[in-house]
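Single-structure report; data block below.
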Amino acid sequence: MASDAECAALALRLRLPAVRSLRCRFRLSPAPAGRALAYAFLEAEIEQTCVVSLEDFPATIAERFAVRFVPEGAESDDPDPESVDEIPYQDGVLDLGEAAAVQLALALDPYPRAPGVVLADLARDAEEPDTAPFARLGEVRHRQ
């Protein structure tokens with residue numbers, strides 16, 4: 001479980017209004033050649049900013065994931081996006097906190113919307129010719 005200070009630092013790093021809590025449970029399995037496979041379950045209570053209303057709202061993240069820890073320099077060149085992500089380590093130390101932070105970043109909605117907020121108002125405004133961003137360009141084109 002992340003401390004209050006760690007949550008604050010993670011919120012700053014991820015440009016979130018707040019990370020209220022972060023918990024990640026790992027199950028590690030040794031693999032050949034100094035590798036380790038980690039299966040994990042991440043739970044986080046965060047605040048995000050709605051891309052429509054620009055107001056902050058609470059959100060819950062719950063994510064299962066797997067990563068493979070490999071000795072630094074032994075990463076594969078596999079471009080397959082479906083393969084298990086590899087995280088290099090050095091001096092025999094696996095950084096589980098960093099793995100959880102990266103996974104939280106990957107799990108975030110890139111365009112978060114607060115519950116109940118819809119884009120209908122924006123779409124309606126775009127349909128009105130006098131408020132459409134390029135309406136004046138059409139007028140100029142017709143004058144020529």
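Here are some residues: Phe57, Phe65, Phe69. Which one is in contact with a Cys (Cβ under 8 Å, 6 or more places away or on another chain) and on the phi < 0 side of the Ramachandran plot?
None of the other options fit; the residue is Phe57.
Could you grab the pairs with beta carbons closer than 9 Å, sequence gap of 6+ or different chains, first residue in the stretch 45-57 and surrounded by fewer than 14 Cβ atoms within 10 Å (Cβ to Cβ), second one modelled with pLDDT of 95 or more and part of a loop (DSSP other than H, G, I, E, B)?
none
Under 9 Å between Cβ atoms, at least 6 apart or on separate chains: pull out the pairs that start in the stretch 90-119 with a residue that is farther than 20 Å from Ala62 by Cβ and touching a residue at least 40 places away in the same chain (Cβ under 8 Å) and end on any residue that is part of a loop (DSSP other than H, G, I, E, B) and basic (Lys, Arg).
Partner pairs satisfying both residue conditions: Leu119/Arg113.
Give just the number: which of (1) at pLDDT 95 or above; (2) exposed (fewer than 15 other Cβ atoms within 10 Å of the Cβ); (3) within 18 Å of Glu6 (Cα to Cα) does Ala62 not satisfy?
(3)
Quick grid of which residues meet (1) at pLDDT 95 or above; (2) acidic (Asp, Glu); (3) more than 26 Å from Ala5 (Cβ to Cβ):
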residue: Asp77; (1), (2), (3): no, yes, yes
residue: Pro81; (1), (2), (3): no, no, yes
residue: Asp95; (1), (2), (3): no, yes, no
residue: Gln103; (1), (2), (3): yes, no, no
residue: Leu108; (1), (2), (3): yes, no, no
residue: Ala120; (1), (2), (3): no, no, yes
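The values are calculated or read from the model by the stated rules, or taken from the named source; none is laboratory data. Owing to the predicted nature of the structure, the values given are computational and were not obtained by experimental measurement. Positions of Cβ are backbone-derived with ideal geometry, glycine not excepted, and every protein chain shown enters the neighbour counts.
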